[in-house]
1. How large is ³J(HN,Hα), in whole Hz, for each residue of the stretch 66-83 in order, when computed from phi with the Karplus curve 6.51 cos²θ - 1.76 cosθ + 1.60 and θ = phi - 60°, using x for Gly and Pro?
2. Percentage of Cα-Cα pair distances in the stretch 206-329 greater than 24 Å, rounded to whole percent?
3. So for the stretch 82-163, Kirkwood radius off the Cα pairs, Stokes-Einstein at 4 °C and 1.567 mPa s: how many µm² s⁻¹?
4. Calculate for the chain the 222 nm mean residue ellipticity that helices alone would give, adding -39,500 (n - 2.57) per DSSP H run of length 4 or more and normalising by residue count, nearest 500 deg cm²/dmol.
5. Which aspartates and glutamates, if any, have their Cα less than 20 Å from the Cα of K274, not counting same-chain residues under 8 positions apart?
6. Collect residues whose amide H, placed 1.01 Å from N in the peptide plane, falls under 5 Å from the amide H of W253; neighbours closer than 5 in sequence don't count.
7. Between the stretch 37-112 and the stretch 119-176, what's the alpha-carbon centroid distance in Å?
8. Rounded to two decimals, what ratio of Rg to Rh does the stretch 137-258 give with C-alpha atoms and a Kirkwood Rh?
Amino acid sequence: MIPRRSLALLPFAPMLAHAQVPPGRRSTQDADVVMPEPGRRAWAAQVPVIRYGIMGGENEADRLGRFEAYRALIERIFQVPTRLFPASDYAGVMQGLSAKQLELAALGPSAYAGAWMDTDGGIEPITITQQGDGSISYVSVLVVRAESGITTLEQMRGRSLAWADANSASGYLIPRFQLRRAGIGVEPGQFFGRTGFAGGHEQGVIAVLQRQYDGTMTHASTLGDPAQGYSRGNLRSMVDKGMLRMADVRIVWTSEPIMNGPLAVRSDLPDAFKRDMQTMQLALAKTYPDIARQIARGDTLGAVEARHEDYALFVEMRREEAAARRRRS
């Protein structure tokens, strides 16, 4: 783990190091990775229902629609009732894991770090989504209205900014971290005239389009066609759903690469359950590519094995944020 005293000196390189798959990790591309055979497992006695948490940031109906085929597949393969639990925000899923009301959840890197801290290490990552170019990262982008006249980050000075969610890496933690390291104050009245929380990534972009804020932080891949919102991420998802035309917005700031968040599972569950869920996730894109694209919200090569060390920096950044809040109060 990175010593806390060194965090202020960190450049952006630690996140850049996560742009490609670390060596020695199992991945979808491995020939021996195949979908588990259907059948009820011995661990079902301890896990009679699989409860899967889905974070906020997108309206509930769309989230349930994207994950329904995935839910049905888990249930069919392991012959255990599987339920989806969409939360209104990131904290809802984190609390569900802490209260042992969920078995697993797809988390952003900041939400994973927060849930790991809240549970005293009671969750662990099992897989990371891999993008179409082989990387395992994405970026935070600052989006403004195209007609606003704002073309640079400097022109956001004194303007209003919507953060997506306090537990979002791309919508809060990473842009605050990187802007501070660039000498830009992120508290209200320092650089931005006003800041607030939109309640999610979709909500942040909508708030900008409706002129409630001048800009918002959200996430994108920066791969693929910019006119389509790139290959995956919130912008692409909103374009695909007819909620956004990229001609109506402009990106004026892009972060360094951010490690994709993991599929995480409670540590107290049977090891056989964890292995089965990891194997299924690794094999998903080669066996059921349409389902893999649905839950990844865009193009994906599949997944790679995840380890807690991949998110140590995010734990330290959250600790820094918490310390800064205590100093302000």
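Read-outs throughout are calculated quantities, based only on the coordinates presented, and are distinct from any laboratory measurement. Just so we're clear, the structure is a prediction, and the values are computed from it rather than from any experiment. When we count neighbours, we look across all protein chains shown, and the Cβ atoms used for this are built from the backbone with ideal geometry, even at glycine.
1. 5, 9, 4, 5, 5, 4, 5, 5, 4, 5, 5, 6, 9, 6, 10, x, 10, 10
2. 48
3. Numbers: Rh = 15.9 Å.
The diffusion coefficient I find is 82 µm²/s.
4. That calculation yields -10000 deg cm²/dmol at 222 nm.
5. Counting by Cα, and skipping residues close in sequence, K274 has these aspartates and glutamates nearby: D30, D32, E37, E75, E103, D120, E124, E305, E309, D310.
6. Answer set, sorted by chain and number: L142.
7. 24
8. Numbers: Rg = 12.9 Å, Rh = 13.9 Å.
Here the Rg-to-Rh quotient is 0.93.
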